[in-house]
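J.: The structure that follows is given in the form of structure tokens.
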Amino acid sequence: MAVVTVLAACSGAEGAGSVPPVESRSVQPAVRSPTCTATSKLIPSCGAWWGIAPEVFTGAPVEQALHGAEARMGAAADVVHVYHRGSELFPTDAEIRLARDPERPRLLMINWKPSFEHTWADIAGGALDRRIDRLAAHLRREFPERFFLTVHHEPENDVNPSPGSGMRAADYAAMFRHVVLRLRERGVRNAVVVMTYMGAPNWASKPWFEELYPGDDVVDWVAMDPYADQRVQDFHGLVNKTRKDYPDWPGFYRWMQARFPGKPVMVAEWGVFERPHDRSFKRRFYESVSRQIKRYPQIKALLYFDSPHAPRGDTSFDADQGADRAFAELARDPYFRSTPVPRP
């Protein structure tokens, strides 16, 4: 799902005002196993990270949004997903405070689109080198901790395969490589780099799809951003979407298992849309995640996209009490509570 920034506001929006009020819970401390650890690439040795992009498109500042979401689900997030664009420097002071919270430290998943004005070929050719260098200096000075970084997520629907467009799939791969390698050359060694796909069969079946991948040397994790639309009934259908009109596509998780057998998989955005004709759908869907997640051991992080104003519908997890209870139980599932977040 294309998002510019977690702080973006829909005009006139008043938080999650369209969602029926649900009593907030106390945030329960996670009981972590002393034997579970995270690697230098932030791969948890047990279970998976639990994360969230909180209260997106409500206008709430990121700290307020995250604290609100954590109170609503009654559990702390391991990872907070934030969005930046252009010349913005990150992490911000507020994001750093969340990462360094002495009671509940969080990992940052920072989503950066370097430019909307330059083509991928321009960026690969050095058009934004001063911007990249300025960001590198900020990161070295302000945030030495490890964090997740994805560069121009969901590129599939931005591809223009025309010769000379500067936006071909190969141009994306070159842009991604250039950004990551230049950050590293400028001393940024703490970014755990994530390549984020849309996770949709129609785009994955394009003839240029494989050309998007920038290379194992610049990608630490691979990710997908699937949403539970009318074709999806449970978690299995979410992470392995197939379509009859694309019979050769095996599903994203299956493809990632075959294409990247040694890399951890992140579900960097996932959300469940309201179904007015089926008010219990969200509850049933969240229950399916608890039942099915262990079938997907390569998934090492699951980050929910929580928004009452998402572009294609309402993905807030507590739109009704049944969904709210099921999501809260999922957020406290021991599978997501096993590995301690590394402290700064």
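J.: How high is the FRET efficiency between Asp158 and Asp216 when r is their beta carbon distance and R₀ equals 22 Å, given to the nearest 0.05? Working shown, then result.
T.: Details: r = 23 Å, r/R0 = 1.04.
The pair Asp158/Asp216 has a calculated efficiency of 0.45.
J.: Have a look at Trp112, Trp270, Trp208 and tell me which one the Gaussian network model of the chain (Cα, springs below 10 Å) gives the largest fluctuation.
T.: Result: Trp208 has the largest fluctuation of those listed.
J.: Could you please rank Lys244, Lys263, Lys41, Lys300, placing first whichever residue has the fewest other Cβ atoms within 10 Å of its Cβ? Before the final figure, lay out each step's value.
T.: Values: Lys244 7, Lys263 21, Lys41 14, Lys300 24.
Lowest to highest Cβ neighbour count: Lys244, Lys41, Lys263, Lys300.
J.: List, largest first, the extents of the alpha carbons of the chain along their principal axes, each in whole Å.
T.: The Cα atoms of the chain stretch 52, 50, 47 Å along their principal axes.
J.: Among Arg254, Arg104, Arg130, which comes first, second and so on when ranked by fewest other beta-carbon atoms within 10 Å? Before the final figure, lay out the partial values.
T.: Working: Arg254 13, Arg104 16, Arg130 10.
Lowest to highest Cβ neighbour count: Arg130, Arg254, Arg104.
J.: Give me the lysines in straight-line cross-link reach of Lys300: C-alpha distance below 22 Å, same-chain residues under 8 apart excluded.
T.: Reachable lysines: Lys41, Lys241, Lys263.
J.: Give me the extension gain from Arg189 to Gln230: residue separation times 0.36 nm, minus the current Cα-Cα distance, reported in nm with one decimal. Walk me through the numbers on the way to the answer.
T.: Values: separation 41, 0.36 × 41 = 14.76 nm, distance 4.15 nm.
So the chain would gain 10.6 nm between Arg189 and Gln230.
J.: Go ahead and collect, in residue order, the members of the stretch 140-158 whose backbone nitrogen is under 14 Å from a label point 7 Å along the Cα-Cβ direction of Arg32.
T.: 146
J.: Let me ask another. According to the square roots a ≥ b ≥ c of the eigenvalues of the Cα gyration tensor, what is the shape class of the stretch 219-271, taking rounded for a/c under 1.5, prolate for a/b larger than b/c otherwise, and oblate for the remainder? Please report the intermediate quantities before stating the final value.
T.: Numbers: a/c = 2.65, a/b = 1.36, b/c = 1.95.
It comes out oblate by the Cα gyration axes.
J.: If neighbour count is taken as other Cβ atoms inside 10 Å, put Thr37, Thr242, Thr196 in order from fewest to most. Walk me through the numbers on the way to the answer.
T.: Values: Thr37 13, Thr242 16, Thr196 22.
Going from sparsest to densest Cβ surroundings: Thr37, Thr242, Thr196.
J.: Could you rank the peptides 309-316, 292-299 by their average count of other C-beta atoms within 10 Å per residue, with the highest value first?
T.: Order by mean packing, descending: 309-316, 292-299.
J.: Could you give the alpha-carbon Rg of the stretch 252-336 over 2.2 N^0.38 Å, rounded to two decimals?
T.: Working: Rg = 13.9 Å, N = 85, 2.2 N^0.38 = 11.9 Å.
That ratio works out to 1.17.
J.: Given labels modelled 7 Å from the Cα in the Cβ direction, how far is it in nm from Arg325 to Lys206?
T.: 4.4
J.: Given a 10 angstrom Cα cut-off, can you work out which residue in Glu63, Glu95, Glu274 is the most mobile in a GNM of the chain?
T.: It is Glu63.
J.: While we're looking at this one, here's another question. Pick from Pro226, Pro102, Pro91: which is most flexible by mean-square fluctuation in a GNM of the chain where alpha carbon atoms under 10 Å apart are linked?
T.: Result for the chain, Cα springs under 10 Å: Pro102 fluctuates most.
J.: Something else now. Taking R0 as 41 Å, what's the FRET efficiency between Ser87 and Ala258 from their Cβ-Cβ distance, rounded to 0.05?
T.: Values: r = 38 Å, r/R0 = 0.94.
Once the sixth-power term is evaluated, E becomes 0.60.
J.: First measure r as the distance between the Cβ atoms of Arg295 and Arg104, then evaluate 1/(1 + (r/R0)^6) with R0 = 30 Å and state the FRET efficiency to the nearest 0.05. All intermediate terms of the calculation are to be shown ahead of the outcome.
T.: Values: r = 29 Å, r/R0 = 0.97.
For R0 = 30 Å, the calculated efficiency reads 0.55.
Computed from the coordinates by the stated procedures, all read-outs in this text should not be read as laboratory data. Quick caveat: nothing in here was measured; it's all calculated off a predicted structure. Methodologically, a virtual Cβ is constructed for each residue, glycine included, from the backbone with ideal geometry; neighbour enumeration extends over all protein chains shown.
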